[in-house]
Each structure stands twice: as C-alpha cells, then as structure tokens.
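Contents: one structure, followed by commentary.
The values are calculated or read from the model by the stated rules, or taken from the named source; none is laboratory data. Since the structure is predicted, the reported quantities are computational estimates derived from the model, not experimental observations. With ideal geometry, Cβ positions are generated from the backbone for all residues, glycine too; neighbour counts draw on all protein chains shown. Heavy atoms of the whole protein, side chains included, go into the accessibility calculation; ligands, DNA and RNA do not. Shrake-Rupley method; radii C 1.70, N 1.55, O 1.52, S 1.80 Å.
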Amino acid sequence: MSQENGVPYVESELYKIRHSAAHVLAESVLEFYPEAKLAIGPPIEDGYYYDFDLGKDENDKPITFSPEDLEKIEARMKQLLKKNAKFEKSTMTIEEAKQFFANQPYKLELIAELAAGKVDENGEPLSEPVSEVGIYTQRNFVDLCRGPHVAFTKKVKANAVKLLRTGGAYWRGDEKRPQLQRIYGTAWHNRVELEEHLELLEEAKARDHRRLGKQLGLFHISQLVGSGLPLWLPKGAILRENLESFLRQAQLERGYLPVITPHIGKLDLYIKSGHYPYYKESQYTPIDVDDEKFMLKPMNCPHHIEIYKSEPHSYRDLPLRLAEFGTVYRYEQSGELNGLTRVRGFTVDDSHLFVTPEQLEEEFIGVVDLIQHVFNTMGFLDFRARLGINDADSEKYAGTPEMWQQGVAAIRQAADKVGMRYTVEEGEAAFYGPKLDFISRDVLKREWQLGTVQVDFLLPERFDLEYMGEDGQKHRPVMIHRAPFGSMERFVGILIEHFNGAFPLWLAPVQVVMVPITDRHVPYANQVAADLRSAGMRVEVDASNGRMNAKIRNAQLQKVPYMLVVGDKEEEANAVAVRTRDNEDRGAIPVAEFITQATTLVTSKGMVL
C-alpha cells in the first residue's frame, strides 16, 4: 500500500480513521439487522469495507443490502460518529472470546485460527499461536480486532465519510464458502479531501478501461471462451504489438536474446522450481498426459533455466540475457476478475539474466535503467521504488538466511549507487528472493505496481546451474528476474485509463482518419492515405455517406489523434486540412509537411500532438 506523508499506510492516521469508520459501519448495520453475522472489516487503499452475513430469504437466497439500506446506514453512521464515544482496547483469552462471540460463527473461526497459529484476521500467516485476542469496544459494540484505531469517534469526521457501494464477497475469498454482503466505504481527514476523492472516482468511471475497451474496439471478453481470457481485437492487437516492438528494440540494444517457450510443462519442473508448492492455490489442476502430469505454465523462469542448462557456459558467455513475451496462467476466482487488470491468462515481458557475482551490480543497474526508460517513454513520471524483503518468521519464503542477506545487500548497494530512494517493506519479496518494485501513480493519483527486478540465489542452486570460471573451476551464476511492463494485459488496461484512451501518436491504433468532404474527394483521400501508409502511418479513410462534421466527431469519439479533411482546395494544393481529437483546427498544410511532422513525432515518441 501507499504512504501518507512518508509514513507507511498501515501506520498512518488515515489508516486508523478508516479502521475506526469500519467499526462504526458495523455498529450501524447491527441496528438495522440485529441478527447479522459479522466477518471482517479492514482498511484498504482509499477506504475500507466490512463483510456481513444477513441470512437467507424465504427462497433460501442470501439477503442483500438495498440502495435505501446504504443511505440509512450512512446517515446512522454519521450520527454515531458525532457522539464522542471512546474506542477502548482490551484483550480476552481464547476461551473468553469463544464464549463472548458464541453467536458469531465467522469470529469463532478467526479465533480458532489465531489460537492454532495459522493466520490472523486478515488471512496473513502467523509465526506462533496466540493465547489472547485483541478487543475494541465503542459504546455497546464489541469487535475482535488488533487495531489500531483513533481515540474517539469524533476523530472520524462525519462529513468526511461516504458509503460507496455494496457487493458480494465469499468468506475468506473461497467460492466454496458462504457468500457475504460487503459494504465499501471511504473516509478522509476532512470534507475537502473526501470531495476530491469522489471527483476522482467519477473520473475513474469515465476512464474505466472496460468501457473504453469496448468503445474503442480494443478487446473483448467472451463468456464462451471463458472469463479472464481476453480476446484482442485488431486495434487492441496493434496497440499491444507497438508496446512489444518498443521493448524488443530496447532489449536488442541492450544485448538481450529472444527465446520462446511452450504454454505447458511437466509438473515436476514447477515442483523443483518451487512455483507449484509455494503458489499451488493459484495454479490449475495438473493434466494427465501419457502417464505424466503437465501444467499450464504458471511462470517462465524454470523454462529459461532449462534453456541455460541446454549447453555448457563459461564466464566469457556471461551475462546471458534471455527475454520472452511469455504467456502464463493463474487461477483467479471469478469475483476477482476485472477486465484486463485481473485475468487468468496473461503475457509477461519476462527476462532472466544469468550473471557472475561480480557482474550482479552492473547488470542490476542496467535493468533499473531500462525500467526507467520504459516509464519515461510512457509518461509515467511519478513513481517510487519499494525494496521487498522476506519475513523471516514466515514459511512463504525459501532459501537460506545467507541467500537473503546477499540478495538484499546487492539490491541496496545497486540502488544506493545510482542514488535511488526506496522504502523497505517486509513480506513483499518473491518466494525465491528480494526484489525492487516500481510503484507508479497515474493521472488519477492511483498507485500501480509495474516494473520489477529481482535477485535470485535460490533457483540457480535448485537447478544446479554452473559456468566455468576464469580459474578453470565451476561456479554458480546468479539470476536476475525482470519485467518492465509486468503483465501486458494489465499494463494495457492501466495505459487505457491513464491516457483516457487518447494514446500518444506512436501508440494510437489508428493515427489518422481521412475525411473527404464529398464522394468526389474520396480518390484523393485514398491517395493521401497511401502516401501516409508508405511513411509507416496507420490510416483509415471515412468514405461513408455522413456529413463532414459527423465524420470528424466519430473520429474524435474514437480518440484518433488526427483528422485530415480534404476537399477541392486541398486536392488542388496537394494539402490536407488538419484537425485534432481535441477539436483544434490547424488549417491546411502540404501533405509532405504533415508526413514529416507526424513521423518525427512518432519517432520521438512524443506525448503532445
């Protein structure tokens, strides 16, 4: 999560405000639904939620919240916040808590998991069993909670709280468990911040990549093909191919070698790498083929390792930089799927560098430079770096303490050498090693984790990777994993919303629409279009029966950068009248001059038309 004034979100005042608002939300719901069963209500990025089980109706279907319920609950919340009740912290033994929450089955399950040392109330692994649980009380409302909270309810400003929507959510995110009713809310320091946030939410709706993806003809989700498996339409494929071509060229210039690997592999491969045991829940069931088990590929890493192992290497061969746009598959629950940003099959701009220990720092810095080049080109200028390290008390991470110390030290040393500021966050590492993630903020101030670079001493050990050193002895290489875009699907979804579908000229699927004023101008429009295509431009000719202004408007709705209007005067002068998607009329200029201007802008990958 993000930070507030340099403080990690989970330690910030805003986190306490939202956590406290969630408790008052639950208190309010119980006034209208006294028999409701309470689940969990954590703060999240930009807000909070609380999950409830309201029981079943006469048709044995879950009772849901209505829009009218939301209005009543919010009004009651604001009344309760203004009454200055204290948030009182206490503890109960496990047995006391079981007795107190005897009629709350979800709380009882949480208590049992805490007592067994399995997971905490948010589903995070525990290092050891607990003998006491945290309790917070305001007025007569008592909840199982470790906090933190504000001191009094008045610290949560009633005019800075808003309930946003309701939805269904499976208990513990498991679609085989009961479906609960979730209320999402947001809370801020004051009314001004809330109003600014609500304005951003409205802007986000307008920029929703699912809506724009349909409007602009970029991608399609077919229920017959399957949820979470996007189909790239021609314009979307052009956009994606432009991104891939850009990165391929940048990689070739930096000495990367392309490889291609299959979409499936033997289960044994992913067991050996650790991807299956560590990420088993997010992978598909193995497939039986000729008495062997295969899997849809969850990661490209082990495939690239086997390419490395296909022939012997000496120190003279290193660094070896293998790159692939490799499609991988993850099981995501249907309720978590979201257009392009959360899918079940996605393509990673993946690369694995095999380096000597002496080359590690220089190669790591080179990858960071590539990621920054990508960000700068895409116009993502507001970003921060996060060093993700392991949690020494968690079983989520493999390898020895020495491996982790080496990896973290290597990243710190490289980042410090280039003067990069970064935060350190425990528990954000990959299972095999620490990583430096790049968190970018879009125009709506939302944070997205995009580029990543990871240092790995573990997999070379597991796969017994070797190279012959200058001393004639066998040595172990170090691996660097990196992906500047991350997932192509997710990155395109983010780009759609960041640019509101109005992509810079070099990325736009259609760069120019020719607008002939009448039918007799169509041949000249086609001639100009041919000249533009010869110069590498993507052009369409609107030869429909519509009026000129309607054709211009249609092109603007499709976010096409340029409309070139042609009539008698333009044809006589071998010129075009230039209009932009922002409705700027630039008048007539010679065709050759427009081609020079446009191709220069494409080559420079400029942001402004």
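Observations on the structure shown:
- Qualifying residues in region 373-395 (those that are open to solvent by 20 Å² or more (accessible area, probe 1.4 Å) and either without any contact (Cβ under 8 Å) to a residue 12 or more places away in the chain or among the small types (Gly, Ala, Ser) (or both)) - the one farthest from Phe431 (Cα to Cα): Gly379
- Long-range neighbours under 6 Å by Cβ, at least six apart or interchain, first residue at positive phi and at pLDDT below 90 within region 396-415, second open to solvent by 40 Å² or more (accessible area, probe 1.4 Å) and outside any helix (DSSP H, G or I): none
- Filtered residues of region 541-574 (kept if among the acidic types (Asp, Glu) and touching a residue at least 60 places away in the same chain (Cβ under 8 Å)): none
- The numbered conditions (1) open to solvent by 40 Å² or more (accessible area, probe 1.4 Å); (2) out of contact with any Lys or Arg (no Cβ under 8 Å at 6 or more places or on another chain); (3) over 20 Å from Pro460 (Cβ atoms); (4) not in a helix (DSSP H, G or I) are all true for Asp349 except (1).
- Of all the numbered requirements in (1) farther than 17 Å from Phe325 by Cα; (2) in contact with a strand residue (DSSP E or B) (Cβ under 8 Å, 6 or more places away or on another chain); (3) among the charged types (D, E, K, R); (4) crowded, with 18+ Cβ neighbours inside 10 Å, Arg240 misses one, and that requirement is (1).
- Looking across region 160-197 at every residue that is closer than 17 Å to Glu109 by Cα and either hydroxyl-bearing (Ser, Thr, Tyr) or out of contact with any helix residue (DSSP H, G or I) (no Cβ under 9 Å at 6 or more places or on another chain) (or both), the one that is least open to solvent (accessible area, probe 1.4 Å) is identified as Asp174.
- Matching residues in region 110-148 - criterion: being charged (D, E, K, R) and over 19 Å from Tyr49 (Cα atoms): Glu113, Lys118, Glu128, Glu132, Arg139
- Single residue of Leu458, Leu444, Leu505, Leu465 found to be modelled with pLDDT of 95 or more and more than 30 Å from Thr600 (Cβ to Cβ): Leu465
- Near pairs, Cβ below 9 angstrom, 6+ apart or cross-chain, from region 586-605 (β-branched (Val, Ile, Thr)) to any residue that is open to solvent by less than 80 Å² (accessible area, probe 1.4 Å) and assigned to a helix (DSSP H, G or I): Val591/Val528; Val591/Asp531; Val591/Leu532; Val591/Glu570; Ile595/Asp531; Ile595/Leu532
- Residue check for Gly546: modelled with pLDDT under 95 and not basic (Lys, Arg): yes
- Note on region 307-326: among residues that are assigned to a helix (DSSP H, G or I) and under 13 Å from Met479 (Cβ atoms), the one that is most open to solvent (accessible area, probe 1.4 Å) is Ile307.
- Residue in region 456-479 that is within 30 Å of Phe499 (Cα to Cα) and surrounded by 18 or more Cβ atoms within 10 Å (Cβ to Cβ) present: no
- Extreme residue, nearest to the chain's Cα centre (by Cα), among residues of region 553-570 that are in a helix (DSSP H, G or I) and surrounded by 21 or more Cβ atoms within 10 Å (Cβ to Cβ): Ala555
- Residues of region 523-552 satisfying the condition of being polar (S, T, N, Q), within 29 Å of Gly213 (Cβ to Cβ) and in a helix (DSSP H, G or I): Asn549
- Every test in (1) modelled with pLDDT of 95 or more; (2) among the charged types (D, E, K, R); (3) under 33 Å from the mean Cα position of the chain (by Cα); (4) over 27 Å from Arg177 (Cβ atoms) is passed by Arg76 save one, and that test is (3).
- Of Ser282, Ser310, Ser314, all but one fail to be of a type in the set (Gly, Ala, Ser), within 22 Å of the chain's Cα centre (by Cα) and at negative phi; the exception is Ser282.
- Within region 439-455, the set of residues being over 12 Å from the mean Cα position of the chain (by Cα) and either surrounded by fewer than 18 Cβ atoms within 10 Å (Cβ to Cβ) or of a type in the set (Lys, Arg) (or both) comprises Val443, Leu444, Lys445.
- Among residues of region 454-482 that are over 14 Å from Ser273 (Cβ atoms), those with a beta-carbon under 6 Å from a residue that is of a type in the set (D, E, K, R) and in a loop (DSSP other than H, G, I, E, B) at least six positions away or on a different chain give the pairs Lys474/Glu466.
- Failed criterion for Gly335 (all others in (1) modelled with pLDDT under 95; (2) assigned to a loop (DSSP other than H, G, I, E, B) hold): (2)
- The residue list Leu200, Leu252, Leu224, Leu269 contains one member that is under 30 Å from Phe431 (Cα atoms), open to solvent by 40 Å² or more (accessible area, probe 1.4 Å) and of a type in the set (A, V, I, L, M, F, W, C), which is Leu252.
- Selection count, region 365-402, where residues are closer than 22 Å to Pro460 by Cα, hydrophobic (A, V, I, L, M, F, W, C) and touching a strand residue (DSSP E or B) at 6+ places or on another chain (Cβ under 6 Å): 3
- Once region 483-527 is narrowed to residues that are out of contact with any Ser or Thr (no Cβ under 8 Å at 6 or more places or on another chain), touching a residue at least 40 places away in the same chain (Cβ under 8 Å) and of a type in the set (S, T, N, Q), the residue that is least open to solvent (accessible area, probe 1.4 Å) is Gln511.
- Filter result for Glu593 (acidic (Asp, Glu), outside any strand (DSSP E or B) and more than 16 Å from His521 (Cα to Cα)): yes
- Any helices (runs of 4 or more DSSP H) falling wholly within region 1-106 and containing at least 2 residues that are open to solvent by less than 50 Å² (accessible area, probe 1.4 Å) and closer than 20 Å to Gly167 by Cα: 13-32, 67-82
- Test: Thr186 is part of a loop (DSSP other than H, G, I, E, B) and among the hydroxyl-bearing types (Ser, Thr, Tyr): no
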